[in-house]
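Coordinate-derived values only; no laboratory data. On a predicted model such as this, the values are computed, not experimentally measured, just so you know. When we count neighbours, we look across all protein chains shown, and the Cβ atoms used for this are built from the backbone with ideal geometry, even at glycine.
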Amino acid sequence: MTFLVDSHCHLQSLSYSGKAGTDPAQILGRARSVGVTHFLSISCTTKEFKKDLEIAAPYPDVYLAAGIHPLNLEDDPDWKDEELISCINSSPKVIGLGETGLDYHYAPETRKAQLESFSRQIGIALELKKPLIVHAREAHRDAVALLRSENARDCGGVIHCFTDSVEMARECLDLGFYISFTGIATFKASDNVRQAVRYVPDDRIMVETDCPYLAPVPVRGVENEPAFVRYTLDFLSAFRGVSQEYLAMKTSQNFEKLYGVKLEEPKEPIPECSSWKLEKIWHQPFATAV
Ligand SMILES: [Zn+2]
Ligand SMILES: [Zn+2]
């Protein structure tokens, strides 16, 4: 098994213009052609979720999550529990609650509202038995404290786009959470993130694009897309001293375990790692080093 999951993408937020493809079929096709065969598309508002539900409908390999992002509270300050619950219950494709969490980097002024919203969403995740997809930016300490005090261990979850210290990674792992890395791990200035990359054990690591944001080296700066999770996977595996196949297998198994799903083996044969051909798509030298 060498197929790979993009465990966190925002399909409804891609621009669908230009090189990456003008519709989801093209973009998902590019990803599949380099072995990225399953996708979890994340929404940040209930409105986004409805868009995502439409996009994902034709594709059995696209899963969904619904949540209220801390930076979207302004769009929907009075969001209702029932509305989020009905999104989550609207389709068997919905396997998680998120993204939710805290962001004190971009919106420190809404800290109180963020904490309240996050706390309610932890309650819903516990009630519906869905794992949490947690966004925490300059707010890991508060996020972990709230997850701990509200018993989020019982529904489990993942800290997505992890950018904090090894110490914080340890606290998240102690809570039973998974830790997911984006292209940020490939950036030159991300030594602290790479320390966490080294620290997280095989049975708790995940990999994601968070596209359309955060394209990894060597495609940094362009619009990110699910295919590019390959670059991050290749970087992480080189950095941890394991093969790409091994880390692809581990991250897929972790995804299955957290979300309680069985990922179907793709019908099309997956190209061998050595011939994975992402570089040909982008006509750029392939790089696993920063
Ligand atoms: Zn996020
Ligand atoms: Zn995201």
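Figure the gain on full extension for Y199 and Q253 (residue separation times 0.36 nm, minus the Cα-Cα span) and round it to one decimal in nm.
Working: separation 54, 0.36 × 54 = 19.44 nm, distance 1.86 nm.
The Y199-Q253 span can extend by a further 17.6 nm.
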> Taking amide hydrogens as modeled 1.01 Å from N in the peptide plane, which residues meet the under 5 Å criterion relative to D103, leaving out close sequence neighbours?
Replying inline: R137
> Hey, quick one: spin label on Y246, modelled 7 Å out along Cα-Cβ, who in region 153-167 has an amide N within reach, i.e. under 13 Å?
Replying inline: none
>> Compute, for the chain, the length of the dipole vector about the Cα centre, with Cβ point charges of +1 (Lys, Arg) and -1 (Asp, Glu) only. Units Debye, rounded to 20.
In response: 660
>> What do you get for the angle between helix 229-240 and the principal long axis of the chain? Use alpha-carbon atoms, 0 to 90 degrees, nearest ten.
In response: 90
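Counting other beta carbons within 10 Å of each residue's own, what order do L214, L233, L175, L258 fall into, fewest first?
L175, L214, L258, L233
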>> Amide H of A215 versus every other amide H placed in the peptide plane: which residues, excluding those fewer than 5 positions away on the same chain, fall under 5 Å?
In response: G221, N224
> Taking the alpha-carbon centroid of each part, what is the distance from region 65-109 to region 1-59 in angstrom?
Replying inline: 19
>> Relative contact order of region 4-282, please, whole-number percent, based on alpha carbon pairs below 8 angstrom and at least 6 residues apart.
In response: 20
>> Can you compute the label reach from D23? Point 7 Å from Cα along the Cβ direction, backbone N cut-off under 16 Å, restricted to region 36-56.
In response: 54-56
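Based only on other Cβ atoms within 10 Å, what is the fewest-to-most ordering of M206, M168? Walk me through the intermediate numbers first.
Working: M206 24, M168 19.
Starting with the residue having the fewest Cβ neighbours, the order is M168, M206.
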>> As I understand it, the value is the acute angle between the Cα axis of helix 111-128 and the longest principal axis of the Cα atoms of the chain; what does it come to in degrees, rounded to 10?
In response: 80
> Where in region 87-147 are there trypsin sites (Lys or Arg not before Pro) that are in a DSSP coil and have at most 11 other Cβ atoms within 10 angstrom of their Cβ?
Replying inline: K129
>> Just want the answer: with Cβ charges of +1 for Lys and Arg and -1 for Asp and Glu, which residue in G241, S90, A57 is farthest toward the dipole's positive end in the chain?
In response: G241
